[in-house]
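The values are calculated or read from the model by the stated rules, or taken from the named source; none is laboratory data. Because the structure is a prediction, the values reported are computed rather than measured. Positions of Cβ are backbone-derived with ideal geometry, glycine not excepted, and every protein chain shown enters the neighbour counts. For the accessible areas, the whole protein counts, side chains as well, though only heavy atoms, and no ligand, DNA or RNA atoms are used. Shrake-Rupley method; radii C 1.70, N 1.55, O 1.52, S 1.80 Å.
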Amino acid sequence: MVERTVAWSDALVGLSNCLRHPDREVRDALEHDPETLVELLERVGVEPDGPVSVSGRDLTEDYEALFGAFATPFAPPAASPYKEWYGDRNGLMGGPPASAMARRYEAIDATVPAAYPPDHVALQLEYASLLAEAGEWDELGAFVEADLDWIDAFAVLVEEAAAAAPLQRWCVEQLVATIERVREELDVSGPDHERIERMADRARTHAEG
């Protein structure tokens, strides 16, 4: 049981780090020990290709181009643009998913970093890793099913985005495979094609410039 909790927690943290704002620590890890995330994912049954090389890449520029509207269309890396809002507002940041994540972080006395919206994919994955670490499998399953259901639509927008960003694209590919594996592991369902497309459409209103 301990091995299972550690394996899933480490894999989810590894993906969280892969999808956060690139900093020196991330670049150093990818340059000097690029197989680490691959090994973490393999422990939970994901079989990634790669990793991709980051040689010569400006990871911050790639991140901002793919996720931050430096190039359009882009792929918002937070849940709110993909999910239903109250009333008829859609496609915006800071919606109900952000409020829900802020409450979760407040409940565990954690601070949301100023550079991130509370429902940023990296923070959601970090929260999921805490549930795995604690062995809260039912809660993790519910969180994946209800709160990480937007990941499939996120991947659609990444596919459509203008930026090259090979590292971030690779990270999203591994994220999708990992979420599929979590769903299998915890016997929870993912969104059907129609729902994925509805979420992608909401986010496109924000992402196409």
Check the stretch 107-118 and report whether any residue there is open to solvent by less than 20 Å² (accessible area, probe 1.4 Å) and out of contact with any Lys or Arg (no Cβ under 9 Å at 6 or more places or on another chain). no
Give the stretch 175-185 a look and list any residue that's open to solvent by less than 10 Å² (accessible area, probe 1.4 Å) and β-branched (Val, Ile, Thr), or say none. THR178, ILE179, VAL182
Taking the stated definitions as given, is VAL26 more than 18 Å from the chain's Cα centre (by Cα) and surrounded by fewer than 20 Cβ atoms within 10 Å (Cβ to Cβ)? no
Looking only at the stretch 1-43, count how many residues are within 24 Å of PHE154 (Cβ to Cβ), out of contact with any Ser or Thr (no Cβ under 8 Å at 6 or more places or on another chain) and among the polar types (S, T, N, Q). 2
In the stretch 159-169, which residues are open to solvent by 30 Å² or more (accessible area, probe 1.4 Å) and in a helix (DSSP H, G or I)? GLU159, GLU160, PRO166, ARG169
Mind telling me which of the residues VAL188, VAL156, VAL172 ends up being part of a loop (DSSP other than H, G, I, E, B), open to solvent by less than 60 Å² (accessible area, probe 1.4 Å) and not charged (D, E, K, R)? VAL188
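One line per residue, one yes/no per condition, for (1) at pLDDT 95 or above; (2) closer than 16 Å to THR72 by Cα; (3) not charged (D, E, K, R):
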site	(1), (2), (3)
ALA146	yes, no, yes
ASP149	yes, no, no
ALA163	yes, yes, yes
GLU173	yes, no, no
LEU186	yes, no, yes
ASP192	yes, no, no
ARG195	yes, no, no
ALA203	no, yes, yes
ALA207	no, yes, yes
Which residue pairs have Cβ atoms under 9 Å apart, sit 6 or more places apart or on different chains, and have a first residue in the stretch 63-74 that is of a type in the set (Val, Ile, Thr) and a second that is open to solvent by 20 Å² or more (accessible area, probe 1.4 Å)? THR72/ALA162; THR72/GLU208; THR72/GLY209
Cβ-Cβ under 6 Å, sequence separation 6+ or interchain: first residue in the stretch 122-136 and under 8 Å from SER16 (Cβ atoms), partner in a loop (DSSP other than H, G, I, E, B) and not aliphatic (A, V, I, L, M). Which pairs? ALA122/ARG20; LEU123/TYR116
Would you confirm whether or not the stretch 122-142 contains a residue that is under 19 Å from TRP85 (Cα atoms) and either charged (D, E, K, R) or in a helix (DSSP H, G or I) (or both)? yes
Which pairs have Cβ atoms under 7 Å, sit 6 or more apart or on different chains, and link a residue in the stretch 168-181 that is touching a residue at least 60 places away in the same chain (Cβ under 8 Å) to one that is among the small types (Gly, Ala, Ser) and open to solvent by 30 Å² or more (accessible area, probe 1.4 Å)? TRP170/GLY50; ARG181/GLY45
